[in-house]
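J.: Before anything else, here's the structure in question.
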Amino acid sequence: MEFHGTTILAVRHKGKVVVAGDGQVTLGNTITKHQAKKVRKIYNDKIIVGFAGATADALHLSERLEEKLERYNGNLTRAAVELARDWRTDKYLRRLEAMMIAADVQSTYLLSGNGDVIEPDQGFVSIGSGSVAAQAAAAALVKHTALDARGIVDEAMKIAASLCIYTNNVITVEEL
């Protein structure tokens with residue numbers, strides 16, 4: 001599942017986790033907004049979420065994740081698994097067109113409507129139309145530079161914005 005109009009990148013490196021998203025919103029082939037906030041902190045600022053897809057759907061998923069976090073005392077792993085299970089089995093949730101990255105100080109997950117809860121092996125993951133460029137740039141920067149997580153995210157998002165027409169360089173960044 002790929003969504004046009006967004007790039008979200010999460011990098012876990014040198015004891016930090018950083019999640020960034022671009023601000024561009026498109027309707028068809030028209031840019032309608034430049035400074036959307038697709039990354040935010042939830043659950044008492046202990047979890048960062050970034051989303052791609054239909055905005056209302058993504059916000060609904062974010063709210064559902066927060067409910068699960070409340071229910072499971074902030075345990076991101078348990079909340080993510082339960083959200084993915086609901087997402088896959090609930091008739092209403094199955095129709096949502098969104099993907100999400102969620103991260104806390106210990107874990108980073110990609111969640112999809114297929115029931116996926118994927119924890120990346122290499123400490124970085126991305127979603128959205130510019131995700132291939134952002135993830136490739138992050139992989140190279142982790143391996144070949146001394147940048148910290150924030151520096152890697154900043155540079156990788158610039159690269160994604162320069163390659164993907166659905167990604168701009170107005171970036172929201174959250175860090176734990």
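J.: Using beta carbons and a limit of 6 Å, which pairs, at least six apart or on different chains, have the first residue in segment 46-62 and more than 20 Å from T32 (Cβ to Cβ) and without any contact (Cβ under 8 Å) to a residue 40 or more places away in the chain and the second one crowded, with 20+ Cβ neighbours inside 10 Å and among the aliphatic types (A, V, I, L, M)?
T.: Pairs that qualify, where the first residue is more than 20 Å from T32 (Cβ to Cβ) and without any contact (Cβ under 8 Å) to a residue 40 or more places away in the chain and the partner is crowded, with 20+ Cβ neighbours inside 10 Å and among the aliphatic types (A, V, I, L, M), are S62/V49.
J.: Do you know which residues across segment 57-101 are β-branched (V, I, T) and over 23 Å from S126 (Cβ atoms)?
T.: T89
J.: So Y166 passes all but one of these: (1) over 24 Å from H34 (Cα atoms); (2) touching a Gly at 6+ places or on another chain (Cβ under 7 Å). Which condition number does it fail?
T.: Looking at each condition in turn, Y166 falls short on (1).
J.: Moving on. Got a sec? Which of N29, N75 is in contact with a helix residue (DSSP H, G or I) (Cβ under 9 Å, 6 or more places away or on another chain) and surrounded by fewer than 24 Cβ atoms within 10 Å (Cβ to Cβ)?
T.: Answer to the selection: N75.
J.: Report yes if G28 is at pLDDT 95 or above and either among the β-branched types (V, I, T) or farther than 15 Å from I171 by Cβ (or both), otherwise no.
T.: When the stated conditions are applied, G28 does not pass them.
J.: S107: of a type outside the set (A, V, I, L, M, F, W, C), surrounded by fewer than 18 Cβ atoms within 10 Å (Cβ to Cβ) and under 16 Å from the mean Cα position of the chain (by Cα), yes or no?
T.: yes
J.: Continuing with the same structure: Just to verify a result, which residue in segment 131-171, among those that are outside any helix (DSSP H, G or I) and under 17 Å from the mean Cα position of the chain (by Cα), is surrounded by the most Cβ atoms within 10 Å (Cβ to Cβ)?
T.: Of everything passing the filter in segment 131-171, T167 is surrounded by the most Cβ atoms within 10 Å (Cβ to Cβ).
J.: Just one of the numbered conditions (1) modelled with pLDDT under 90; (2) hydroxyl-bearing (S, T, Y); (3) over 15 Å from the mean Cα position of the chain (by Cα) is not true of S62; which one?
T.: Only one criterion is unmet by S62, namely (3).
J.: All but one of (1) surrounded by fewer than 16 Cβ atoms within 10 Å (Cβ to Cβ); (2) farther than 20 Å from K16 by Cα; (3) touching a residue at least 12 places away in the same chain (Cβ under 8 Å) hold for Q122, so report the exception by its number.
T.: (2)
J.: Return the total of residues in segment 101-116 being touching a strand residue (DSSP E or B) at 6+ places or on another chain (Cβ under 8 Å) and at pLDDT 95 or above.
T.: The qualifying residues number 8.
J.: Keeping to segment 114-130, report how many residues are closer than 26 Å to N29 by Cα and in contact with a Phe, Trp or Tyr (Cβ under 9 Å, 6 or more places away or on another chain).
T.: Residues in segment 114-130 being closer than 26 Å to N29 by Cα and in contact with a Phe, Trp or Tyr (Cβ under 9 Å, 6 or more places away or on another chain): 4 in total.
The values are calculated or read from the model by the stated rules, or taken from the named source; none is laboratory data. Everything quoted here is computed from the prediction, not taken from an experiment. Because the Cβ atoms are built from the backbone with ideal geometry, glycine has one as well, and the counts that use them run over all protein chains shown.
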